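What follows is calculated from the coordinates using simple rules that are stated; it is not laboratory data. Because the structure is predicted, anything quoted here is derived from the model rather than measured. Quick reminder, even Gly has a Cβ in these numbers, built from the backbone with ideal geometry, and neighbours come from all protein chains shown.
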Amino acid sequence: MPTKPEEKAPENNGENQGSTLDPQKKYLMDQFGNLMEKVGDGFGGPLQEELIKRLEQTIADFHEEVSEMMNNLKENAEKRHEKLKEIWNNPDASISVTDNQEPQSATAEPDTEMSEWERKLEEAGKLSDSGSSDSKTEVKEEPPKKKGLFGRKKK
């Protein structure tokens, strides 16, 4: 029967970190050991070792991604905090800057969008006026019925 993998001593970067990781790691190793005892009879040691390596790599990758996301969140929070401080300290300057920038971009785009939208509405209105009675009857005639999984008959 394959043996339980050796436990590595956790590196103590902080005083409290070693004590919090040890019970968690011990619990995980016990659970993993129990599962491997059940599965171990059918599979060899090299396969289990490969599984352990892959699990450790997956955990390391996950830890790296989470650390990176946390750093990004901290940076974004600091940037937002700085912007809020600037706005709080100089409310008049921020309002005048935003007022000068927004109207130019806001007025340029909606005119073209509204004209295109109005054209589409007019075309749709013309189409609905000319063939309104014909199109409604066609739709009501025979909508295809969908058969569910349980509605099908066995052959």
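First select every other residue whose beta carbon is under 14 angstrom from the beta carbon of residue 82; then total the charges, Lys and Arg +1, Asp and Glu -1. Numbers along the way, then the final one.
On the way: positive: 74, 79, 80, 83, 85; negative: 75, 78, 86.
That works out to +2.
Rounded, prolate or oblate: which fits the stretch 44-89, taking a ≥ b ≥ c as square roots of the Cα gyration tensor eigenvalues, rounded meaning a/c under 1.5, else prolate when a/b beats b/c? Taking the square roots of the gyration eigenvalues as a ≥ b ≥ c, the stretch 44-89 is prolate.
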